[in-house]
Amino acid sequence: MSPDDASLSAGLRPFDPMSVREDFPILSTLVYGKPLVYLDNAASAQKPRAVIDAISRVYETEYANVHRGVHYLSQKATDAMEAARERLRSFINAAKVQEVIFVRGATEGINLVASSWGRANLKEGDEIILSEMEHHSNIVPWQIVAGQTGAKLRVVPIDETGTLRMDEYEKLFSPRTKIVAMTHVSNALGTVVPIAEVIRIAHGHGVPVLVDGCQAAPHMAVDVQALDADFYVFSGHKIYGPGGIGVLYGKEALLDAMPPYQGGGEMIDTVTFAESTWADLPFKFEAGTPNIADSIALGAAVDYVASLGVERVHAYEDELLAYATEKVGALNNIRLIGTAKEKVGILSFVMDNVHPHDIGTILDREGVAVRTGHHCAQPVMEHFDVAATVRISLGLYNTRGEIDAAVAALDRVQEIFGR
Amino acid sequence: MNDLVDLYQDVILEHSRHPRNCGPCEHPTHDARGNNPLCGDRVSVCLTLDDEGRIEEARFEAKGCAISVASASMMTEMIRGKTAAEAKSLFDRFHKLVTGQSEPGTDESLAELDSLSGVRAFPTRIKCATLPWHAMTAALEGKDEEVKTE
């Protein structure tokens, strides 16, 4: 059955990017008099009306502090926030709703695990396996806890296409290996890591795995139970939700055994000056008044994506990435950075004799928003011996016409620099 | 589109393609590195001062965009023969030009540097033009740590 047949039988409307675009008010912005071509989705995605409206609705009709008030609005806000948690549970197919922890974003989720799980489980000489293509947010928290505990980082290399070297990965395991922290999709290259296989191998050694799903969750179906992921994190703002909110999924047994990350209100059961006891999951890891409105709006964001059909979004973006790769790759003087067989949503490249920042500035004047720089993945830049790349990253509202506009703007770069 | 033409003037592209004084100094008396942590651009500047405190030689090495390389190239040409105080004063006037506090074409002593005034229309690119100058200043002041863009 094709993805379209599957979605028709699931009762979903056909995927139409032009009607999807109407759901995103910001896409009608003019930039220097030209239509906005927003191709910086891996940095942060734009928001559909459903998310913007959800935020307004919360503050206009259902806002109060949660989980403690006996009054009407407090109950309403609590119900809405817990309903959002349930939507997120369903979106990633977690077994239990208490395994879904609201955090500020993937960065906080990784720091939480590195700090709480890491300090309880790591000691001198222990090893943490990462990949060469991690975002800095999945390197630095582990470096910090390694510095505190005497553990060491071991790095799985990538090959010249930006594909994870699975043969090298297997070799890195030793009796000192305590955890694997790995991206699902590289933010700088778009490489899809065979994360189910990565997890299977780690589990074969009795080692848990944290998955950084920031660049996967917006583009492909994520099923944490099918993957058997121990921890899975993603940021709300990259999946069409608000900034300042994200999800840490963790298996209940692991989360239960971990000490709190931050202390404060909401995360306690009883407090005396002699000692305190901790609340049950998920609240043990949600100290302080949470980001109520954005949690609820993140629920609206994943509802929105689910209403379009995650598999259809994936298929549409795959086709668009293939189109962009062909068109950009056909330009003179372009070198694609990251040519793995399995990719989603990201096209990184450099141009001979023109620095990415100069390309970014010229594209911007044509209304085309791309990211230029090291993409918070300096080890990847070093691997490919470049200081920076230009990165086109796709969202579900991008079109072939926008890729054509980006290619025309790249022609303009050649015109300015080739004269 | 005119501001792009202003930004990437021929003289800037020429300097970026054929930078002057590019490469290490043999016996520098002063050196420093500059880093723009936001974009990863790096530049290092080395200076050789003579007995009278004048800059006898200025060279640079950079991994950066056309603007930062052209700015570094022009800088190393312009500060040769100047004292530390004169070089810093030149940076002061250049800084005013690229941040829009002085008008292009009004200060003849800036010479070719005037061509970089186009960055004023591109706030995110001003630091590209000033990074080599910050490194030069740090070298003159004997600062060991890497300087970062403001």
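The values are calculated or read from the model by the stated rules, or taken from the named source; none is laboratory data. Model, not experiment: these values are computed from the prediction. When we count neighbours, we look across all protein chains shown, and the Cβ atoms used for this are built from the backbone with ideal geometry, even at glycine.
The table below gives the values:
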| read-out | value |
| --- | --- |
| Odd one out for A:Ile392 among (1) more than 14 Å from chain B (Cβ to nearest Cβ); (2) out of contact with any Leu (no Cβ under 6 Å at 6 or more places or on another chain) | (2) |
| Pick from the range B:90-140, criterion among the hydroxyl-bearing types (Ser, Thr, Tyr) and closer than 16 Å to B:Asn35 by Cβ, ranking: farthest from the chain's Cα centre (by Cα) | B:Thr137 |
| Failed item, numbered, when A:Arg335 is tested on (1) touching an Asp or Glu at 6+ places or on another chain (Cβ under 8 Å); (2) more than 11 Å from every other protein chain (Cβ to nearest Cβ); (3) assigned to a helix (DSSP H, G or I) | (3) |
| Failed criterion for A:Leu347 (all others in (1) without any contact (Cβ under 8 Å) to a residue 24 or more places away in the chain; (2) under 20 Å from B:Gly40 (Cα atoms); (3) more than 14 Å from every other protein chain (Cβ to nearest Cβ) hold) | (1) |
| Residue ID - nearest to the other protein chains (Cβ to nearest Cβ), chosen from residues in the range A:350-375 that are in contact with a strand residue (DSSP E or B) (Cβ under 8 Å, 6 or more places away or on another chain) and β-branched (Val, Ile, Thr) | A:Thr372 |
| Selected residue (criterion: surrounded by the fewest Cβ atoms within 10 Å (Cβ to Cβ)) from residues of the range B:77-100 that are touching a residue at least 24 places away in the same chain (Cβ under 8 Å) and under 22 Å from A:Asp358 (Cα atoms) | B:Thr99 |
| Filter pass, A:Lys47 being closer than 30 Å to A:Thr372 by Cα and buried (at least 19 other Cβ atoms within 10 Å of the Cβ) | yes |
| Residue in the range B:123-140 that is part of a loop (DSSP other than H, G, I, E, B) and in contact (Cβ under 8 Å) with a residue 24 or more places away in the chain present | no |
| Residue among A:Ala297, A:Ala306, A:Ala229, A:Ala293 that is within 22 Å of A:Ala80 (Cβ to Cβ) and crowded, with 24+ Cβ neighbours inside 10 Å | A:Ala297 |
| First in the range A:14-43 and farther than 15 Å from A:Leu396 by Cα and buried (at least 16 other Cβ atoms within 10 Å of the Cβ), second anywhere and at pLDDT below 95 and not hydrophobic (A, V, I, L, M, F, W, C), Cβ under 7 Å, 6 or more apart | none |
| Flag for A:Leu321 being of a type outside the set (Phe, Trp, Tyr), more than 10 Å from every other protein chain (Cβ to nearest Cβ), crowded, with 18+ Cβ neighbours inside 10 Å and touching a helix residue (DSSP H, G or I) at 6+ places or on another chain (Cβ under 8 Å) | no |
| Matching residues, the range A:67-85, being assigned to a helix (DSSP H, G or I) and touching a residue at least 40 places away in the same chain (Cβ under 8 Å) | A:Ala77, A:Ala80, A:Met81, A:Ala83, A:Ala84, A:Arg85 |
| Residue pairs meeting the criteria (Cβ under 6 Å; at least 6 apart or on separate chains; first without any contact (Cβ under 8 Å) to a residue 60 or more places away in the chain and within 29 Å of A:Arg165 (Cβ to Cβ), in the range A:330-343; second among the small types (Gly, Ala, Ser) and outside any strand (DSSP E or B)) | A:Leu336/A:Gly329 |
| Complete set of residues in the range A:398-410 that are assigned to a loop (DSSP other than H, G, I, E, B) and buried (at least 22 other Cβ atoms within 10 Å of the Cβ) | A:Asn398 |
| Some residue of the range B:83-95 being of a type in the set (Val, Ile, Thr) and either within 14 Å of chain A (Cβ to nearest Cβ) or within 20 Å of B:Phe60 (Cβ to Cβ) (or both) | yes |
| Total residues in the range A:32-52, condition under 16 Å from A:Gly236 (Cβ atoms) and part of a helix (DSSP H, G or I) | 3 |
| So A:His314, is it within 14 Å of chain B (Cβ to nearest Cβ) and not aliphatic (A, V, I, L, M) | no |
| Condition broken by A:Glu382, with the remaining ones in (1) within 11 Å of another protein chain (Cβ to nearest Cβ); (2) buried (at least 24 other Cβ atoms within 10 Å of the Cβ); (3) in a helix (DSSP H, G or I) satisfied | (2) |
| Leading residue by the ranking (farthest from the chain's Cα centre (by Cα)) among those in the range A:385-397 that are outside any loop (DSSP other than H, G, I, E, B) and of a type in the set (A, V, I, L, M, F, W, C) | A:Val390 |
| Residue in the range A:299-306 that is in contact with a strand residue (DSSP E or B) (Cβ under 9 Å, 6 or more places away or on another chain) and in the same structural domain as A:Ile129 (by TED's automatic domain parsing) present | no |
